[in-house]
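Shown next, in structure tokens, is the structure this report addresses.
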Amino acid sequence: MNVESRTAAGTEGLSAIKTRPEQALVAFDFDGTLSPIVDDPDSARAHAGAVPALRGLAQRVGTVAIITGRPAALAVEYGGFGGVDGLVVLGHYGRERWENGSLETPEPPAGLAEARTKLSRILQTAPEGVTVEDKGHALAVHTRRAAEPEVALERLRGIVAALAERTGLVVEPGRLVLELRPPGMDKGASLRALAAESDAAAVLYAGDDLGDLAAYDAVETLRKEGTPGVKVCSSSDEVTALAERADLIVDGPAGVVRMVESLTRELS
């Protein structure tokens, strides 16, 4: 199976990766892209084929990265990525960086402690099944385990937005989740910074959720600036916004792994 794009721009991006793999940047989201979505975020683990696929790819291209809203160290632990040489993991949308076993992390953002306290009070009256995932530098409100997940999400959306405004944070919506996080950093900014750092001649980004749209924007901007790029969607029934803009659509994390394996074979 060859990796083929459904758009001309994506085809150009894939061609550039295959022509100059040593200067290619290939980046992935974690949850929903390399790891199947699960009811309990603490139970998330990378697809069984993800580590060997990334290890093989890292031997062929210049830079392989994961850009996630999770803490970087947690993504490494849950993914089993510690043994993937050369892998860069940007956590908290780029605030943290893990590379070669070393972690760089800033102080927690201002306003987070107040948001944590107030959120616990707000959720006392929330529908049963709503939970909070404390990421240290962000707080994620999950409604997946509620009896009516979408109804619970809409009920909490305005309340969480008001709390974000009060505490100087921003809301990042996702698949049955509302995340409170610091402003000024997103997956697009992180992808562009990594592309500049690595002097990338081509970029591929794979994601599945609304937070990945900023990375899609970054790929499109890089294209306009002369760097070919590819947008890959790890598809699901819950989010369709990425599929509408993607150059290449694959079937969830299993499809992402197959794509990586195929690309690596082509580069070999």
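Of the peptides 4-17, 94-107, 252-265, the ranking by mean beta-carbon count within 10 Å, highest at the top, reads 252-265, 4-17, 94-107.
Applying 0.36 nm per residue to the separation of Arg258 and Ala9 and subtracting their alpha-carbon distance, the gain on full extension is 87.5 nm.
Summarise the long-distance tail of P(r) for segment 46-155 by giving the % of C-alpha pairs beyond 24 Å. Considering segment 46-155, 41 percent of its Cα-Cα pairs are separated by more than 24 Å.
The relative contact order of the chain comes to 25 percent, based on Cα pairs under 8 Å that sit 6 or more residues apart.
Here the 3J(HN,Hα) profile of segment 196-210, calculated from phi with Karplus coefficients 6.51, -1.76 and 1.60 at θ = phi - 60°, is 5, 4, 8, 6, 5, 8, 7, 9, 10, 10, 10, x, 9, 10, 4 Hz, Gly and Pro shown as x.
Quick one: Kirkwood hydrodynamic radius for segment 207-268, alpha-carbon pairs, angstrom, one decimal?
Values: mean 1/r = 0.0816 Å⁻¹.
When all Cα pairs of segment 207-268 are included, the Kirkwood radius is 12.3 Å.
Taking 1.002 mPa s as the viscosity and 20 °C as the temperature, the Stokes-Einstein diffusion coefficient of segment 112-181 based on its alpha-carbon Kirkwood radius rounds to 183 µm²/s.
Taking all Cα pairs closer than 8 Å and separated by 6 or more residues, the relative contact order of segment 174-268 comes to 24 percent. Ordering 66-74, 30-38 by mean Cβ neighbour count within 10 Å, with the highest value first, yields 66-74, 30-38. Amide H contacts of Ala27: Ala65, Leu204, Tyr205, Ala206, each under 5 Å away and 5 or more positions distant or on a separate chain (H built 1.01 Å from N in the peptide plane; Pro and chain starts excluded).
A full extension of the chain between Asp134 and Ala147 corresponds to an added length of 2.5 nm, given 0.36 nm per residue minus the alpha carbon distance. Under 15 Å from a label point set 7 Å out along the Cα-to-Cβ vector of Arg166, the amide N atoms of segment 103-125 belong to 111-125. Phi-derived couplings, Karplus 6.51 cos²θ - 1.76 cosθ + 1.60 at θ = phi - 60°, listed residue by residue for segment 164-170: 4, 4, 5, 9, x, 9, 10 Hz, with x used for Gly and Pro. Please report the orientation-averaged projected area of the chain, defined via the convex hull of its C-alpha atoms, in nm². Average projection, Cα convex hull of the chain: 13.2 nm². Each residue of segment 252-261 was assigned a 3J(HN,Hα) from its phi angle through the Karplus expression (A = 6.51, B = -1.76, C = 1.60, θ = phi - 60°), giving x, x, 4, x, 4, 4, 4, 4, 4, 4 Hz with x at Gly and Pro. Shape call for segment 154-250 from the C-alpha gyration tensor, a ≥ b ≥ c root eigenvalues: rounded (a/c under 1.5), prolate (a/b greater than b/c) or oblate? Oblate, because a/c is 1.5 or more while a/b does not exceed b/c.
Values in this text are rule-based calculations from the coordinates and carry no lab data. Please read these numbers as outputs of a predicted model, since none were measured by experiment. With ideal geometry, Cβ positions are generated from the backbone for all residues, glycine too; neighbour counts draw on all protein chains shown.
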